[in-house]
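These notes concern the structure reproduced below.
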Amino acid sequence: MILNIYMICLGRFILGFSCGVLLCATPKALDETVPGKLIDKGFGTSTNIMINLAFLALMIAANMVPEDKLSLQETAVWQYLFAI
C-alpha cells in the first residue's frame, strides 16, 4: 500500500531485525526460566520451529490479499487475516 520504496525497505529492515532478535532471545529466555530437567524435552527447538512455521503461514496467507483497492473493498479476506 505504500508506494515509497525507502519506507518499504525501512519496514523490511525493522521486521528482519526484530525477527532475528526474537529468534535469538527466545531460546535464551526459555533456558533461563525452564527447569533443567525439562530443557531436553524440546523447549528451545520447538519454539523456534513454531515461530518459523508461523512466519511461513503468514507469508502464505498474505498471498490471498487482493492487490487493487476495489477488490480489497469488496472482499473480507483482510478482515479474516487480522482476526487470526
Label-to-label distance, nm, for residues given as PHE17 and THR33 (7 Å Cα→Cβ offset) | 2.5 nm
How far, in degrees from 0 to 90, does helix 5-33 lean away from the longest principal axis of the Cα atoms of the chain, to the nearest 10?
-> 20 degrees
How far is helix 43-62 tilted off the main Cα axis of the chain, in degrees rounded to 10, range 0 to 90?
-> 10 degrees
Candidate values [x] 105; [y] 89; [z] 120, label of the one derived for volume of the Cα convex hull per residue in Å³ = [x]
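Since every read-out is calculated from the coordinates, none of them should be taken as a lab result. Note that the coordinates shown come from a computational prediction; the quantities given were computed from them, not determined experimentally. FYI the Cβ positions are ideal-geometry reconstructions off the backbone, even for glycines, and counts take in every protein chain you see.
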